[in-house]
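Structure record follows, encoded as structure tokens.
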Amino acid sequence: QTATAPATEPLPQALYDTMVAGNGRVFPGARVNHAKGAVYEGSFTPSADAATLTVAPHLQSTPSTLVLRFSNAGGVPDVPDTAPSSAVRGLAFTFRLPDGTETDLMMINVPVFVTRTPQDFLALLKAGQATKPGMPAPTPIAQFLGAHPEALRFVQLPKPVPESFATERFFALHAYRLTDAAGATRFVRFRVVPAAGTAYRGAEALAGLPPDLLFDELRTRVAMGPVRYRLQAQVAAPGDVTDDPTIAWPEDRRLVELGTISVTRAVPDSAMAERRIGFLPNRELPGLAVSADPFLGTRADVYAIAFPARQ
Ligand code: HEM
């Protein structure tokens, strides 16, 4: 690097700035991604099997309270729930034990991520922004997807609109390392499956549906009774990759039931509440550690930039 070359922006700042630029406009107070959301309260009751995998305190016998935020992808806070740009939906939640111990899980409704590394994700964002209508082929985005088959696979995965947030599954994608009482460690990937079963809407059934369909439906459903999900750990077999969220582990891997999530109450002033809360993918506890997946640290650094920027 010569003395006249511009200083390289650190990766987390570059990711945040590029996401802001991609939105085209700023919505004060809103998240730059997953901007449309709603906050709920609930509880988590661990299963007896959870403690066989880890000494992590929220996975022993004591129930935790949960603060959960359901969200749509994208930087537009009023994006219609049926818009393709909102299709990657999020579920993030904080476990809080009676003694104040906390950890978070952040999940999306797709079992893999779009790029292998945060650097590739930045390149994808930039390629998307550099692609303008009417450009001659191959466009920057087509070039990126041509060179990154894992990203093309993600783009082509069906992402149907669910019947309800209560009929959608969510995946934390990255591997975490659990340690049990004997000191043995295992890599797992966390997922949430709906007690009601999964159910989706056909593309032909979306026309004319109201823009807040899924958020309105969830509020009504929770008012009638708790919405439940099962939290599961998919346990890695020897040799499974633990640092690349574009590679799903085979579906025949052991799934351990960790317990039941009950979503019990919509937070009355969700807009105020969601501004004050934020989640992190790397909040370790005894018995719960991050893997070498490079996204975990980089994402935490991006969220540490994003949170104060929207206060
Ligand atoms: C380098 C890759 C990524 C970047 C740069 C990124 C960036 C962001 C940013 C800036 C926000 C808004 C945060 C805030 O204002 O509090 C956000 C929200 C979110 N992200 Fe990511 N993200 C990345 C990868 C992922 C992955 C892999 C997942 C899923 C495992 C994920 C799940 C979420 C969820 C669920 C939210 C909404 C959280 C909430 O409801 O408060 N992100 N992301």
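The values are calculated or read from the model by the stated rules, or taken from the named source; none is laboratory data. Since the model is a prediction, treat every value here as computed from it, not as a measurement. Ideal geometry is used to build each Cβ from the backbone, glycine not excepted, and the neighbour counts take in all protein chains shown. These accessible areas exclude ligands, DNA and RNA; they are computed on the full protein's heavy atoms, side chains included. Shrake-Rupley method; radii C 1.70, N 1.55, O 1.52, S 1.80 Å.
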Once the mean of 1/r over all distinct C-alpha pairs in segment 204-298 is inverted, the Kirkwood radius in Å reads 17.5
What are the ³J(HN,Hα) values, in whole Hz, obtained from phi via the Karplus relation 6.51 cos²θ - 1.76 cosθ + 1.60 with θ = phi - 60°, for each residue of segment 152-160 in sequence order, with x given for Gly and Pro?
4, 4, 5, 4, 7, 4, x, 10, x
When the Karplus curve 6.51 cos²θ - 1.76 cosθ + 1.60 is applied with θ = phi - 60°, which whole-Hz ³J(HN,Hα) does each residue of segment 49-60 get, with x for Gly and Pro?
6, 4, 5, 6, 9, 7, 8, 3, x, 6, 10, 9
Mind pulling the per residue volume of the convex hull built on the Cα atoms of segment 93-243? Å³ is fine.
190
Per residue, how large is the accessible surface of the chain? Use a 1.4 angstrom probe and give square angstrom.
46
Let's see if you can work this out: charge +1 on each Lys and Arg Cβ, -1 on each Asp and Glu Cβ, no other charges. What is the dipole magnitude of segment 178-255 about its Cα centre, in debye to the nearest 20?
340
Kirkwood-type radius of the chain, with distances r between different C-alpha atoms, in Å:
20.5
Most fluctuating residue of Ala203, Ala56, Ala289 in a GNM of the chain with Cα springs under 10 Å: which is it?
Ala203
Give the distance, in whole Å, between the Cα centre of segment 284-304 and the Cα centre of segment 197-240.
26
Give, rounded to the nearest 20 debye, the magnitude of the charge dipole that the chain has about its Cα centre when Lys and Arg contribute +1 at Cβ and Asp and Glu contribute -1 at Cβ.
300
Within 10 Å, count the other beta carbons around each residue, average over each peptide in 41-50, 125-134, and list them highest first.
41-50, 125-134
Taking the Cα centre of segment 79-234 as origin, sum charge times position over the Cβ atoms of Lys and Arg (+1) and Asp and Glu (-1), and report the length of that vector in debye to the nearest 20.
340
Accessible surface of segment 128-255, 1.4 Å probe, proportion on carbon and sulfur as whole %
58
State the answer as a single residue: which of Val20, Ala35, Val67 lies farthest towards the positive end of the charge dipole of segment 1-148, with beta carbon charges of +1 for Lys and Arg and -1 for Asp and Glu, about the Cα centre.
Val20
Restricting to lysines and to Cα separations under 21 Å from Lys159, and discarding same-chain partners fewer than 8 apart, the set is Lys36
How many angstrom separate the Cα center of segment 165-184 from the Cα center of segment 42-116?
10
Which of Pro194, Pro308, Phe121 sits closest to the plus end of the dipole of the chain, meaning its Cα is farthest towards the positive end, when Lys and Arg get +1 and Asp and Glu get -1 on the C-beta?
Pro308
